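For reference, the structure is listed below as C-alpha cells.
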Amino acid sequence: MQNKITVENLNAWFGAKHVLHNIDIGIQKNGITAIIGPSGCGKSTFIRCINRMHEVVPKAKASGKVMVDGTDIYDSDIDPVDIRRRIGMVFQKPNPFPTMSIHDNVVAGLKLSGVKDKKKLDHIAEESLKKAALWDEVKNDLNKSGASLSGGQQQRLCIARALAVEPDVILFDEPCSALDPISTSKIEDLMMELKEKYTLVIVTHNMQQAARVSDYTAFFLYGKLVEFGETNQIFKKPKEKSTEDYIIGRFG
Amino acid sequence: MDRAKLSFFRISRSKLSGDFIFEAVIGFFALGIIILAFLLFRELFIGSALSRDIFGVGFLTSSTWDPVAEVFGALPFIFGTLVSSFLALIIAVPFSLGIAIFLSELAPEKLRTPLSFIIELLAAIPSVIIGLWGIFILAPFIRDYLAPPLSTYLGFLPLFQGPMYGLSMLTGGVILAIMIIPITSSVSREVIMTVPTHQREAALALGATGWETTRIAVLPYARSGIFGAVILGFGRAIGETMAVTMVIGNSPRISESFFSPSYTMASVIANEFVEATSKIYISSLIEIGFLLLVISFIINIAARILVWKLLKVEGGGAT
C-alpha cells in the first residue's frame, strides 16, 4: 500500500467559518477514494484543498499539510498554478469553454503550458478523448462547439480536458450529480479504467456510486473526518454509529 | 358562510378598480414615451421633406455646404460624426476593457464599489464642462505635446500630416473617448461579472494563471456582451453634441488628417439652427437630424440586443 497523498492536520475556513477540522488521511495510489457525507460537511472543500482550488474563493484559507509524493503543496515556495497542472479536477457542473471547439477544449491546458506543435496537440486530443470514452462520438465533430454536446458528453469532455495535461491525480467533485443514469454509468466505467493509471478522488452524494466505484471511502460529518477505510468495511461493518446512520439513510 | 364569500368578492372588486386606474395611469405614461418617439420621428421626416425633394439621395453624398447659395450636402458631417466616433472608440476600448477587467477580476474587494462609483460619476459631468476643459486644457495639450511626436513618428501616414491648431478631429475624438469610457467600462464590467464562477474555475483547475483565466475563460465568454458595450459607447459618441462642438473646430471639410478641424452632424444642428433663415436651410438641418436619429437608433438597438442576448443566456444557464 502506497500513499499518493498524505493529508496532515488540514484545517480550512471561509472567512471566520471553520469548515474543516484537523483532517488526517492517506489517499492510496492508483485507487479510487470516495468522500461521502451530508451536504455542507466539507467534502468539496476537502478535495478543493488538495489542488489548492479552495483558496480561489474570496476570503477562503487553509492550513496544514497536504503531501503529494512527499512534497507539501502548501509549502511557501510552491506555486499553486503548478499544483493544479499536476492535479486535475472535474466539477459538478460540466464546464467546457463554450466558445471553444471540442478539440480546443481538450488541449486548452496544454496550450497554457506552451505546447504549440499542431501534430502533438492533435495526437494528445485524440488520445485524451479516447481515454475519456468520447472519441467515437465526436471524432467527426472536433470543430464543433463544446457547448453543443449533451450534458454527459460535456462531462466526459471535461475529463478529457483534465487528462490531456497528464496529471497524476484527478479530483471529481460530484461529477454525476447533473447527469442522467446512462451518462452516470459511463462516467463510472471510465473511472474504473482510469484508476489503473491515475489516483482518483471522488466526492459523491450517491452512496451506491461510492459503493460501486471506490476502493476506499471516507465519511465526513460537520467538517470532521469520522471514518476512513476500505469501502467494503465502511459499507458493511462501519465502526462509528454516525457512519452507519448515514449509510442506511437515517440522515443526510 | 355566504356573508364571508360576499365580503371576499367585494374586497377583490374594489381592488380590481384600483388596479385598473393604476394600470391605466402607468400605461398612459409608458405609452406616452413611445408616442413621443414616434411623433419626433414623424416631425423630422416631414420637416426634412423639402430638403429631400430638392437634393434627393445626393444630400448624402455631396460635400458642399453653402448657406449663401443654398446648396446643402451632409457628407462632411456624416464623415465627421463617424470618424470622430470611431477614433473615440479606438481610444476608449482599451481603457474601458482595462478598467472593466481590473474592477471585476483584479481589484481588492474593498476598492471595487468606490472605484466603479467614481467611474460612473464621470458620466454625470455636464458635457459643456468637459467641453470647456477641452478648449482650455486638452486642445492646447494635444497641440503642444501629443501632435508633435505623432507627426514626427507617424507623419508618413496622411492621418498625422498638416498643421495642428488645437481644435481638430483628434481633439474631438479624445473628448468623445473620455465621455464614453464610463458607459463602455461599466457595461463591460457588468457583463464580465456575469461570467459564471465555474468557467473561471475550469481554467484555474487546468493550471491557468489569473491573466490566462481572463484570457481563455472570461473574455471569450463575455465577448458578445463586451461588443455590445462598445457599440453602446459608439452610439453615445455619435449623438454627443456640446463638448465635441466646442473642440472639433466646426469646419465642414473632409480631410484625411486628424489634425484638421472637422464638423459633426450634432454640432452643425446646434451651431447653425438659429442662423438658418431660409426654408431649405432649416429643412436641410432637419434632414441631418433625421439621419442622426436613424443612425443612433440602429446602433443602440443593435447594442442592446447583443447585451440582452448574453445576459439572458446567463440567467438560464446558472445553477
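The values are calculated or read from the model by the stated rules, or taken from the named source; none is laboratory data. Note that this is a predicted model, so its numbers are computed, not measured. For neighbour counting, all protein chains shown are included, and Cβ atoms are generated from backbone atoms with ideal geometry for every residue, glycine included. For accessibility, only protein heavy atoms count, side chains too; no ligands or nucleic acids. Shrake-Rupley method; radii C 1.70, N 1.55, O 1.52, S 1.80 Å.
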* Return a yes/no flag: does region B:143-155 have any residue that is under 13 Å from B:Val247 (Cβ atoms) and touching a residue at least 60 places away in the same chain (Cβ under 8 Å). => no
* Confirm whether A:Lys195 is touching a residue at least 40 places away in the same chain (Cβ under 8 Å), out of contact with any Lys or Arg (no Cβ under 9 Å at 6 or more places or on another chain) and of a type in the set (Lys, Arg). => yes
* Asked: Which pairs have Cβ atoms under 7 Å, sit 6 or more apart or on different chains, and link a residue in region A:104-121 that is at the interface with another protein chain (Cβ under 9 Å from one of its Cβ atoms) to one that is surrounded by 12 or more Cβ atoms within 10 Å (Cβ to Cβ) and among the hydroxyl-bearing types (Ser, Thr, Tyr)?
  -> none
* Cβ pairs under 7 Å, 6+ apart, first in region B:215-230 and more than 10 Å from chain A (Cβ to nearest Cβ), second among the acidic types (Asp, Glu) -> B:Val218/B:Glu105
* Conditions: (1) closer than 30 Å to B:Ser151 by Cα; (2) surrounded by fewer than 20 Cβ atoms within 10 Å (Cβ to Cβ); (3) touching a residue at least 24 places away in the same chain (Cβ under 8 Å). B:Lys279 meets all but one. Number of the miss? -> (1)
* Structure fact -> Checked region B:56-100 for anything part of a helix (DSSP H, G or I), surrounded by 21 or more Cβ atoms within 10 Å (Cβ to Cβ) and in contact with a Ser or Thr (Cβ under 8 Å, 6 or more places away or on another chain); matches are B:Pro76, B:Phe77, B:Gly80, B:Thr81, B:Ser84, B:Ala92, B:Val93, B:Ser96, B:Ile99, B:Ala100
* To do: Tell me, yes or no, whether region B:147-160 has at least one residue that is within 19 Å of the chain's Cα centre (by Cα) and either more than 19 Å from B:Leu232 (Cβ to Cβ) or open to solvent by 50 Å² or more (accessible area, probe 1.4 Å) (or both).
  => no
* **Residues (without any contact (Cβ under 8 Å) to a residue 24 or more places away in the chain and hydrophobic (A, V, I, L, M, F, W, C)) located in region B:30-59** => B:Ala30, B:Leu31, B:Ile33, B:Ile34, B:Ile35, B:Leu36, B:Ala37, B:Phe38, B:Leu39, B:Ile46, B:Val57
* Filter region B:182-206 for residues that are assigned to a loop (DSSP other than H, G, I, E, B) and touching a residue at least 12 places away in the same chain (Cβ under 8 Å); which is nearest to the other protein chains (Cβ to nearest Cβ)? -> B:Pro196
* Residue list for region B:232-256, filter: open to solvent by 10 Å² or more (accessible area, probe 1.4 Å) and touching a Phe, Trp or Tyr at 6+ places or on another chain (Cβ under 7 Å) -> B:Asn250, B:Ser251, B:Pro252, B:Ile254
* Asked: Has region A:196-207 got at least one residue that is in contact with a helix residue (DSSP H, G or I) (Cβ under 8 Å, 6 or more places away or on another chain), open to solvent by 70 Å² or more (accessible area, probe 1.4 Å) and of a type outside the set (Gly, Ala, Ser)?
  -> no
* To do: Inspect all residues belonging to region B:231-246 and state whether any of them is aliphatic (A, V, I, L, M) and without any contact (Cβ under 8 Å) to a residue 40 or more places away in the chain.
  => no
* State all residues of region A:81-98 that are under 19 Å from the mean Cα position of the chain (by Cα) and open to solvent by 30 Å² or more (accessible area, probe 1.4 Å); if no residue qualifies, say none. => A:Asp82, A:Arg85, A:Arg86, A:Gln92, A:Lys93
* Asked: Does region A:89-99 include one or more residues that are touching a Leu at 6+ places or on another chain (Cβ under 8 Å), under 24 Å from A:Thr217 (Cβ atoms) and within 13 Å of chain B (Cβ to nearest Cβ)?
  -> yes
* Structure fact -> Going through (1) more than 21 Å from the chain's Cα centre (by Cα); (2) open to solvent by less than 30 Å² (accessible area, probe 1.4 Å); (3) within 26 Å of B:Ala217 (Cα to Cα) one by one, B:Glu105 fails only at (2)
